[in-house]
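Step one of this worksheet: look at the structure below.
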């Protein structure tokens, strides 16, 4: 998927909402989802947060253990590698659109660490991440109206 399509999916315009109110509601939505706010620059419409999650998947561990046993039977040493921890990061920006509307862009990524201490970063670009977040923000805005 190209960058323009990803950016479009990560962006939504909120009508009749000030940038300040949108940023406040977005902060609350992130916190409701279990994120800890790490960086905030409201003056510039920027916010970042993260949450820790267990990344261990039983199938991945079982597969690695089976491979280790099979290779041991063949006389080969193998160090099993599987995911153990992940940090999910959310970054959002807001900006005014015209006199009465505001735009919100949110992106998610995860930093996965293996049992060997090796980390990798993965962008989470599936539509349900941003659309689910936008739905939660809209719901919060509707409750405050």
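What follows draws every value from the coordinates through simple rules; no lab data is involved. Source: prediction; values computed, not measured. Every residue, glycine as well, gets a Cβ built from its backbone with ideal geometry; the counts of neighbours run over all protein chains shown.
A few points about this structure:
- Judged by the gyration tensor of its Cα atoms, with axes a ≥ b ≥ c, segment 1-55 is oblate; a/c meets the 1.5 cut and b/c is at least as large as a/b.
- Relative packing of peptides 84-94, 35-45 - highest average C-beta neighbours within 10 Å first: 84-94, 35-45
- With q set to 0.20 Å⁻¹, the log10 of I(q)/I(0) for segment 89-145, from the Debye formula over equal scatterers at the Cα positions, is -0.85.
- If R0 is 30 Å, the Cβ-Cβ spacing of residue 144 and residue 84 corresponds to a FRET efficiency of close to 0.15.
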